[in-house]
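These notes concern the structure reproduced below.
The values are calculated or read from the model by the stated rules, or taken from the named source; none is laboratory data. From a predicted model like this one, the values you see are computed outputs, not experimental measurements. Remember, those area values only see protein heavy atoms, side chains included, never the ligands or the DNA or RNA. Shrake-Rupley method; radii C 1.70, N 1.55, O 1.52, S 1.80 Å.
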Amino acid sequence: MAARVSQMEGQKADPSNFLLMHAMGPNVAGVIGSAVAAGVLLTLFK
């Protein structure tokens, strides 16, 4: 959702902006980090 909001706000300022992929990078990294952390916790406490 945050990536779409940043894309829309960027296009309001400059219609030629394309920020969606730049905004998606941190989102995907957060999801991957959460999955790794969950795997580590499951391994430790299982």
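Rounded to the nearest 10 Å², what accessible area does Met24 show when all protein chains are kept and the probe is 1.4 Å?
70 Å²
In degrees from 0 to 90, rounded to the nearest 10, what is the angle of the helix 20-45 Cα long axis to the longest principal axis of the chain?
Around 10 degrees separate the two axes.
Treating the angle as unsigned and between 0 and 90°, give the value, to the nearest 10°, between the Cα long axis of helix 2-13 and the longest Cα principal axis of the chain.
The helix 2-13 is inclined about 20 degrees to the chain.
Mind checking the alpha-carbon convex hull of the chain and giving the volume per residue in Å³? Working shown, then result.
Numbers: hull volume 2.1 nm³, N = 46.
Convex hull of Cα atoms, per residue: 46 Å³.
Using a 1.4 Å probe, what is the accessible area per residue for the chain, in Å²?
On the way: 3790 Å² over 46 residues.
That works out to 82 Å² for each residue.
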